[in-house]
Every structure is written in structure tokens, then in C-alpha cells.
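**Q** Would you mind keeping the following structure in view while I ask a few things?
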Amino acid sequence: MKPNEYSQKNLRIPVIESIHTGTIELWMDACASIFGLAPIEREDAEKDYSVAAWHVHPVTIVNSKYKGMVARHSPWHVEESGGQIHVHRYRYGRASVETTGLPVSCETDAITLLDYSRPFTSLHTENDCESFFVPHEAINYRPSDALHAPVYGANSTLGRLLGREMDHLLNSLKAGATTILQDDIQRFLGCVEVAMSPNRASTSARMRARNSLKIAVQQFIEERLDKPELNVTLILENFGVSRASLYRMFELEDGVRNYISSRRLYRAVTELADAPLVRGKVHEVAQRWGFSTDSNFNRMVKREFGVTPGGLFQMPISSPKPYNYFSSVHELMSRAAQSAKTIA
């Protein structure tokens with residue numbers, strides 16, 4: 001199936017899952033078409049590896065834990081399984097790889113993209129490896145695009161983007177998801193395409209990567225909304241983008257400064273709705289969400305809503321109704337839903 005057949009918005013892709021645990025002999029059999037291996041000898045020979053694997057078209061995702069070994073992806077293995085990019089990260093442990101005559105150091109938390117259309121030899125310590133196998137055609141990749149295996153540090157821009165998308169997919173799968181949103185897979189593939197073919201990545205891949213970057217910046221902002229030190233300079237330092245690029249990213253929000261102010265205002269006002277009549281609450285939420293003074297908070301609320309913070313709410317936000325409670329609006333919504341089912 002071609003990647004563009006999964007272009008329908010909000011389409012969910014089914015997950016195929018398998019889990020294995022066993023001895024090194026079983027591990028060698030399981031990996032036979034990918035590489036040959038020689039385990040590093042030691043006394044504790046039981047349960048040498050464990051693997052949880054999921055296939056979400058077109059990506060195969062594997063979380064494996066195994067002991068130290070030497071692995072060789074030979075020309076024969078290239079014929080068997082060469083059309084893949086192995087995007088991987090070690091949560092603990094590391095590996096040294098030699099491919100195309102050059103060494104690659106795969107350190108903990110760094111993300112390495114290894115082209116399986118080339119032979120390689122690798123030396124691994126005991127580790128916990130997160131692997132994403134991406135077919136070449138899924139990212140329009142040609143082996144000539146990357147002459148070596150790219151490595152992106154955990155704090156580099158692409159390392160952060162890839163890591164965020166990998167975490168998002170793995171967390172969903174480990175939580176038992178049976179389907180994954182097509183948009184989530186496509187965003188990850190866009191980041192891989194840019195990482196492997198930075199000079200040839202398609203416009204759509206670059207757009208998906210930019211979207212992933214914006215989401216990462218938004219998460220960074222959300223986690224620090226209550227911190228006075230949150231500003232444009234801090235974002236630039238952490239993401240390595242230019243001031244102009246950051247502005248373009250938040251152009252629809254009139255710039256990142258305005259976006260931060262709007263998000264702080266949202267947090268403060270929604271918190272105020274929980275207890276608007278409590279003495280000192282306005283001052284408390286203004287301080288908590290980074291407003292320099294109460295008067296600054298008052299001006300922003302007045303400009304946005306036409307009233308001062310103290311006049312926003314006459315009573316706290318209402319508590320949930322019992323499960324069997326139906327308002328007239330709820331009843332109409334229920335009838336509409338039933339009608340839709342009948343028509344379907």
C-alpha cells in the first residue's frame with residue numbers, strides 16, 4: 001500500500017502487536033534476516049532479551065532489551081532487509097557502529113538513523129533500545145541522499161523533534177492503543193524525511209516537521225507558563241531557531257510573545273472561575289501565571305473581556321450533574337446522535 005493512500009484526515013491506522021522474551025538463541029533466530037550476532041559471554045544466560053513490537057503501517061516499532069553483542073549486517077542481510085531506515089535511540093547503553101567505512105557513536109538518548117541498504121558492523125553494551133523501521137519509499141528516500149548515518153543529539157532541534165514524535169507513538173502503544181492517528185504517523189515520517197534528506201525533503205515533509213517543531217515549542221511554553229523567566233530568548237536558546245523563524249511559526253497568533261500572554265491569561269481566568277469570590281484570588285492567580293503586577297493583569301482582562309477580573313464571574317464554575325441528569329440541550333443532542341446512527 002502506498003503512503004499517500006493514508007492521506008484521509010483523522011484516519012486511524014490499526015496496530016498489530018507482538019511480545020517476545022527468551023534466550024539468546026531465540027533472539028538470534030528472530031534477528032536472522034536483519035543481522036548475524038555474537039553475544040558477549042557472561043554467566044547469567046537466562047532471559048537474554050525481551051521485545052515488544054508493533055506494526056502501524058508503514059512503520060514497525062520495536063522496544064527491545066538485550067545483553068551485550070556484536071552484530072553484522074552483511075551484504076546478504078542487505079538483500080533480505082535492506083530497504084529500511086532504522087531510527088533508534090538507546091534509553092540506557094550505547095553502541096559503536098561502522099558503516100561505509102566510517103565510525104558512528106550511538107550514545108544514550110541520541111537518535112541515530114541507520115540505512116539498512118548498507119552493510120555495517122556494530123558493538124553493543126547491554127541496553128534498552130527503541131527502534132522505528134521506516135521503509136525507504138515511505139519518506140521518498142534514496143541511499144545517495146545520506147552518505148553516512150546521521151546522529152542527532154537529544155538537545156538538537158531535529159533530535160528534540162524526532163524524540164518527541166517517538167515518545168508520543170511509543171507512549172500510546174505501551175498504553176495499549178489499538179489504533180494510531182494517521183496524522184501522528186505522517187508527522188513522524190516528515191521528521192525522518194527531513195533528517196535523512198535535508199537537501200531534498202519534500203515540501204509536505206518540511207511542513208510536517210515545522211508543525212512538529214511548533215508543537216514541541218508549545219509544550220515547552222505550557223510547562224513554563226508560571227515561570228517568570230519564560231521569554232523569547234529562552235525559547236531561542238532551547239530550540240536553536242532564529243527569531244524570524246519563531247515569529248513565522250506563531251504568525252497566526254501575532255507572535256510568540258502574544259501567544260505566551262494569551263496562554264497565561266487563559267490559565268489565570270480559568271483558574272479564577274473555580275473560586276472567583278475568594279478574597280485575594282485575583283492577586284493569587286495573577287502572581288501564579290507570570291503577570292508582573294495585578295494592574296497589568298487587570299488591564300489585560302479588561303481589554304479582552306470588558307470587565308475587571310473581580311467582575312468576571314458571579315459564582316464558581318458549576319459542578320458536574322449526576323450521570324442520569326438530562327438538560328433540554330443534552331436531550332436534543334442525544335436525539336441528534338440517535339438520528340445520525342439511524343441514518344448511518
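The values are calculated or read from the model by the stated rules, or taken from the named source; none is laboratory data. Fair warning: this is a prediction, and the values are worked out from it, not measured in the lab. For neighbour counting, all protein chains shown are included, and Cβ atoms are generated from backbone atoms with ideal geometry for every residue, glycine included.
**Q** Can you name the residue in region 221-240 that is surrounded by fewer than 16 Cβ atoms within 10 Å (Cβ to Cβ) and hydrophobic (A, V, I, L, M, F, W, C) and, of all such residues, is farthest from Thr157 (Cα to Cα)? Outline the logic, then answer.
**A** To start, the set of residues in region 221-240 that are surrounded by fewer than 16 Cβ atoms within 10 Å (Cβ to Cβ) comprises 222-223, 226-229, 231-234, 236-238, 240.
Filter once more, keeping what is hydrophobic (A, V, I, L, M, F, W, C): 232, 234, 236.
Details: Val232: 16, Leu234: 14, Leu236: 11 Å.
This residue is Val232.
**Q** Might you let me know whether region 191-200 holds any residue that is surrounded by 22 or more Cβ atoms within 10 Å (Cβ to Cβ), assigned by TED's automatic domain parsing to the domain that holds His88 and not aliphatic (A, V, I, L, M)?
**A** Yes; the residues of region 191-200 include at least one that is surrounded by 22 or more Cβ atoms within 10 Å (Cβ to Cβ), assigned by TED's automatic domain parsing to the domain that holds His88 and not aliphatic (A, V, I, L, M).
**Q** Having 1 or more residues that are more than 20 Å from Ala52 (Cβ to Cβ), in the same structural domain as His168 (by TED's automatic domain parsing) and under 23 Å from the mean Cα position of the chain (by Cα) is the bar; report the strands (runs of 3 or more DSSP E) wholly within region 74-146 that clear it.
**A** Once the strands (runs of 3 or more DSSP E) in region 74-146 are filtered for at least 1 residues that are more than 20 Å from Ala52 (Cβ to Cβ), in the same structural domain as His168 (by TED's automatic domain parsing) and under 23 Å from the mean Cα position of the chain (by Cα), what remains is 84-92, 102-106, 111-115, 127-135.
**Q** For region 150-166, does any single residue satisfy the condition of being among the polar types (S, T, N, Q), assigned by TED's automatic domain parsing to the domain that holds Phe35 and closer than 24 Å to His55 by Cα?
**A** No, that holds for no residue.
**Q** Here's a follow-up. Show me the helices (runs of 4 or more DSSP H) found entirely inside region 250-344 where at least 3 residues are over 30 Å from Leu213 (Cβ atoms) and at pLDDT 85 or above.
**A** Values: elements: 256-272, 281-288, 294-305, 328-343.
Because the criterion is at least 3 residues that are over 30 Å from Leu213 (Cβ atoms) and at pLDDT 85 or above, the helices (runs of 4 or more DSSP H) in region 250-344 that meet it are 281-288, 294-305.
**Q** Among residues belonging to region 54-73 that are more than 28 Å from the chain's Cα centre (by Cα), surrounded by 18 or more Cβ atoms within 10 Å (Cβ to Cβ) and at pLDDT 90 or above, point out the one that is farthest from Glu193 (Cα to Cα).
**A** Here the residue is Ala71.
**Q** Something else now. What is the residue count in region 114-145 for residues that are buried (at least 20 other Cβ atoms within 10 Å of the Cβ) and more than 30 Å from Glu41 (Cβ to Cβ)?
**A** Number satisfying all stated conditions: 6.
**Q** Write out, first by first residue and then by second, each pair whose Cβ atoms fall under 8 Å of each other, whose residues are 6+ apart or on separate chains, and whose first residue, in region 160-183, is surrounded by 15 or more Cβ atoms within 10 Å (Cβ to Cβ) while the second is among the polar types (S, T, N, Q) and part of a helix (DSSP H, G or I).
**A** Pairs that qualify, where the first residue is surrounded by 15 or more Cβ atoms within 10 Å (Cβ to Cβ) and the partner is among the polar types (S, T, N, Q) and part of a helix (DSSP H, G or I), are Leu161/Ser212; Arg164/Ser212; Arg164/Gln219; Glu165/Ser212; Ile180/Ser172.
**Q** In the list Leu169, Leu158, which residue meets the criterion of being modelled with pLDDT of 95 or more and assigned to a helix (DSSP H, G or I)?
**A** Checking each option against the conditions leaves just Leu169.
**Q** Residue by residue through region 239-280, note down the ones that are more than 25 Å from Ser295 (Cβ to Cβ) and free of Cβ contacts under 8 Å to residues at least 60 places away in the same chain.
**A** Hits for region 239-280 are Ser242, Arg243, Ala244, Ser245, Leu246, Tyr247, Arg248, Met249, Phe250, Glu251, Leu252.
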